[in-house]
């Protein structure tokens, strides 16, 4: 593993954005749709619920939406496969730059346990909010932003509002 | 940040300059409009002539029994007629609805109406807009009723036709119909459509695909 | 005009899944390159010390937006076939706010958490578990909030159609705002770095 080496500095944000934008453009040109992430999480949840109580899942329109698709299996969806690619791509870039390291990201003033609790809580809010908005920062923010969707821009502005509004209360975790 | 001389600019300034230039140049043009279409009427005529524009009621019945989900079945009749009876897994969309109905150009779309006129018109509208996978259910709901729900065996049937009829008999029962042996035409008057649309036997009819799923 | 290729049936469903992996690799690669596998780098956005989130996100939006505009101008891409998430402004407004809180509390968003997991961040793994829990909670309450979720529906609305102006005008405005925003963000970063001295450097 490359952990012994000093991690390489991050890419120039505009160049990284240019690269990301070209990937996004490719998705639009090839598939007619943008990128996403939270949809794959939803599929996993829906399949999980369906495995435990199929009748409960079948009675819920939200789960059903993820269990039925034209491919025959809920896992055979664009987003599931895209997310596998994200894991691979992230690992490739991280390995090349010597940034793959088993660690917990946190500020100096919070315990690891505390950070993990916040991560779970934040993730839960994120999952709920993403479903309410019909997408996360990738699907609504990035993809919806590029196609100039009104709801997507509303969403994106509110994400920044929420982040800045919560930043003060969360300063002990990060600073 | 030097203002005039690009030679002194760093990478970020250059990127910004390119973005602004490209952004300003967009003001000169506008993307091609999506609503209007160009038609190759000869190509459409060829498709009609070569009869690849339709599927038969038997084929459709087999697809439904197999639980195939790689096509969309659209009932272009009125919502009232749809409510009374429709082929299992069909979605209701009138000709007017079709314009912004969530369909994709890469989908196989099967259209049907009572006879075949409305579905043919819908087929033309969709084909003109580039929905290359549009098909008409040959003979519409009438053919569905005669061939799938209440099939009949001609008296002078060949052995091959008899074997095929066995298959049809089973299929018709799955859809809540009943096969008519012998000269079925005489029983025509007694034919009545199944009251409620029975569910497809293998796979539950697909709900209308929800668009928000595509996002994220 | 034959793009988007998939919508014009230039390839089938199986192929689309292979392309999904390829596109995903590119997505994950550039997210990690940008430093978005690190929660500290991401949340620095909200403390004004490192505005990479804004810079990367808007560079990407500007790039893809300009690319689509020019391809469509050249008659290669049918914009009407490109998916635009339908607008439900109130749920999206509330959802965005909740998601923003989740971002600053959890340190990631769903996409970046995956990149962080792939580079060994354990807190990102916990975050992913939280996301699954949040979606499960949403699914469970969905029947009772379905009315709200589908309220204020406006359909497929884009900024240009909503404002009633030409698309190119909005495109230019977005580029202009983005570039001005980049300049402003960099200025703020520099000011804070000067004030906090080594602190800001340590955080990036």
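Here, each number is a calculation from the coordinates, and none is a lab measurement. Just so you know, these numbers come straight off a predicted model, no measurement behind them. Quick reminder, even Gly has a Cβ in these numbers, built from the backbone with ideal geometry, and neighbours come from all protein chains shown.
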**Prompt:** Using all Cα-Cα distances in chain A, what percent lands in each 10 angstrom bin from 0 up to the longest?
**Reply:** 8, 25, 37, 24, 5, 0
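If you average 1/r over every pair of different alpha-carbon atoms in the range C:1-126 and take one over that average, what Kirkwood value in Å do you get?
Working: mean 1/r = 0.0590 Å⁻¹.
Final number for the Kirkwood radius of the range C:1-126 is 16.9 Å.
Given 25 °C and 0.890 mPa s, how large is the Stokes-Einstein diffusion coefficient of the range A:39-80 in µm²/s, with Rh as the Kirkwood radius over Cα pairs? Could the numbers behind the result be given before it?
Values: Rh = 10.0 Å.
Calculated translational D: 246 µm²/s.
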**Asked** What FRET efficiency comes out for the pair residue C:196/residue A:8, r = Cβ-Cβ distance, R0 = 35 Å, nearest 0.05?
**Response** 0.90
**Message:** To test your reading of the geometry: what angle, between 0 and 90 degrees and rounded to tens, separates the Cα axis of helix A:150-167 from the longest principal axis of chain A?
**Reply:** 40 degrees
**Prompt:** When N counts the residues of the range A:1-103, how does its alpha-carbon radius of gyration compare numerically with 2.2 N^0.38 Å, as a ratio?
**Reply:** 1.41
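Set the Förster distance to 22 Å, then compute FRET efficiency between residue C:154 and residue A:161 from the Cβ-Cβ distance, nearest 0.05. Could you put the intermediate results ahead of the total?
Numbers: r = 21 Å, r/R0 = 0.93.
With R0 = 22 Å, the Cβ-Cβ based efficiency is 0.60.
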**Prompt:** Across peptide C:10-17, what mean number of C-beta atoms from other chains lies inside 10 Å of a residue's C-beta?
**Reply:** 4
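Can you compute the helix-only [θ] at 222 nm over the protein assembly as shown? Use -39500 (n - 2.57) per DSSP H run of at least 4 residues, normalise by all residues, nearest 500 deg cm²/dmol. Numbers along the way, then the final one.
Details: 24 runs with 325 residues, N = 595.
Helix contribution divided over all residues of the protein assembly as shown: -17500 deg cm²/dmol.
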**Item:** Largest-first principal axis extents of the Cα set of the protein assembly as shown (Å)
**Value:** 97, 55, 44
**Request:** Find the Cα radius of gyration of the range C:43-82, compare it with 2.2 N^0.38 Å by division, and give the number to two decimals.
**Result:** 1.66
**Prompt:** Based on the Kirkwood radius over alpha-carbon pairs, what is the Stokes-Einstein translational diffusion coefficient of the range B:43-103 at 10 °C with 1.306 mPa s viscosity, in µm²/s?
**Reply:** 119 µm²/s
**Message:** Which three numbers, in whole Å and largest first, are the semi-axes of the equivalent ellipsoid of the range A:110-171 derived from its Cα gyration tensor as √(5λ)?
**Reply:** 26, 13, 8
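Other chains near A:105-117: what is the mean number of their Cβ atoms within 10 Å of each residue's Cβ?
Values: counts 15, 4, 4, 1, 0, 0, 0, 2, 0, 0, 6, 7, 3.
Counting other chains' Cβ atoms within 10 Å and averaging over A:105-117 gives 3.
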**Asked** If the label point is 7 Å along Cα→Cβ of residue B:40, which residues in the range C:1-42 have backbone nitrogen under 13 Å from it?
**Response** C:1-2
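For B:171, A:159, which order do you get if you count the other beta carbons within 10 Å of each Cβ and list the fewest first?
B:171, A:159
What value in Å³ per residue do you get for the convex hull of the alpha-carbon atoms in the range C:13-203?
On the way: hull volume 31.3 nm³, N = 191.
Hull volume over Cα atoms, normalised by residue count, gives 164 Å³.
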**Item:** Burial ordering of A:131, C:55, A:101, A:113, fewest other beta-carbon atoms within 10 Å first
**Value:** A:113, A:101, C:55, A:131
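With an 8 Å Cα cut-off and a minimum separation of 6 or more residues, compute the relative contact order for chain C in percent. Don't skip to the answer; put the middle values down first.
On the way: 157 pairs, mean separation 63.6, N = 204.
Relative contact order comes out at 31 percent.
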**DSSP bridge orientation in the protein assembly as shown - percent antiparallel, rounded to nearest 5** = 15 percent
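Hey, got the average number of other protein chain Cβ atoms within 10 angstrom for residues in A:93-103?
Details: counts 12, 11, 3, 3, 5, 0, 8, 6, 3, 4, 7.
Per-residue shielding by partner chains comes out at 6.
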**Request:** For helix A:38-52, report the angle its Cα long axis makes with the longest principal axis of the Cα atoms of chain A; keep it between 0 and 90° and round to the nearest 10°.
**Result:** 60 degrees
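Among A:136, C:128, C:109, which comes first, then next, by fewest other beta-carbon atoms within 10 Å? Intermediate results must be reported in sequence, preceding the final value.
Values: A:136 34, C:128 24, C:109 29.
Result, fewest neighbours first: C:128, C:109, A:136.
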**Request:** Binning at 5 Å from 0, report for the range C:2-65 what percent of all alpha-carbon pair distances ends up in each bin.
**Result:** 4, 15, 17, 18, 15, 12, 9, 7, 4, 1
